[in-house]
Amino acid sequence: MVSRSLLAALVMPLLASSCYAQWGGPWGGYSYHASTAEEGYQRGLADVIRSQGMYNLETSRANINQQEANAAYIENRNRAQEVWFDMRRRNDAFRAEQAGPKVTSEQIFRINAQRAPKRLNDDQIDPVTGELHWPLILTSMVYDPYRKAIDSGFQKRSQKGSFSTYESHQEVVKAVDTMYDELKKRIRDYEPQQYIDANRFMEALSYDVRFPSS
């Protein structure tokens, strides 16, 4: 027959093990732990699965947040580009408005052609003989020295098709320029219309004399 002392020695470790599993051992406080190896394995496996699920959930949330951040960055960049191009278009439109209508090269050529001085017409010079038809006020004696040199030079140019030499050409050019300057000095001595007619003639003469032939 088993003595009481031996029975107590066998039962007490089992009770202590059961209590420790339910009450947390000698530190006190309730904290449940697996009482068997199978239950511990099942609980451990559940914890692993739960942890894997939480990791997958957090990873999915992080990916969604990153995608949203990327989409917001792209949208902000596109908006910034649209604003920049819009400002550029407004600036170009403002400059174009300030500059006025655009002029083509053909229009510039036409404008320059219209502004360019004209050569003597048939009413101002005889195209065959080269005789000049002077306005009345330019037949005054004050212009005689210049007028004679010019008449002679233009008649020779008409006869030969060009000025005979460079020097003779320059002499006629100098006579024309000097006569024109003399007319401008006397602007107050003539009636307005007389001066306008004489000035137009001298302007055409100054341009025409630059050409070697009529």
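Quick look at the numbers
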read-out: Total residues in the stretch 167-214, condition without any contact (Cβ under 8 Å) to a residue 24 or more places away in the chain and among the β-branched types (Val, Ile, Thr); value: 2
read-out: Residue match in the stretch 73-86 (condition: at pLDDT below 75 and either outside any helix (DSSP H, G or I) or over 30 Å from TYR207 (Cα atoms) (or both)); value: no
read-out: Check on LYS148, within 21 Å of LYS118 (Cα to Cα) and open to solvent by 70 Å² or more (accessible area, probe 1.4 Å); value: no
read-out: Among (1) in contact with a helix residue (DSSP H, G or I) (Cβ under 9 Å, 6 or more places away or on another chain); (2) modelled with pLDDT of 75 or more - the single one THR165 does not satisfy; value: (1)
read-out: Flag for PHE154 being surrounded by 14 or more Cβ atoms within 10 Å (Cβ to Cβ) and modelled with pLDDT under 90; value: no
read-out: First in the stretch 139-165 and farther than 14 Å from THR129 by Cβ, second anywhere and open to solvent by 40 Å² or more (accessible area, probe 1.4 Å) and in a helix (DSSP H, G or I), Cβ under 6 Å, 6 or more apart; value: TYR146/THR178
read-out: Selection within the stretch 43-95 - open to solvent by 100 Å² or more (accessible area, probe 1.4 Å) and either among the charged types (D, E, K, R) or in contact with a Lys or Arg (Cβ under 6 Å, 6 or more places away or on another chain) (or both); value: ARG43, ARG50, ARG61, GLU68, ARG77, ARG79, GLU82, ARG88, ARG89, ARG90, ARG95
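The values are calculated or read from the model by the stated rules, or taken from the named source; none is laboratory data. Since the model is a prediction, treat every value here as computed from it, not as a measurement. So basically every Cβ, Gly included, is an ideal-geometry build from the backbone, and we count neighbours across all protein chains shown. Protein only, heavy atoms only, side chains kept; ligands, DNA and RNA dropped before computing areas. Shrake-Rupley method; radii C 1.70, N 1.55, O 1.52, S 1.80 Å.
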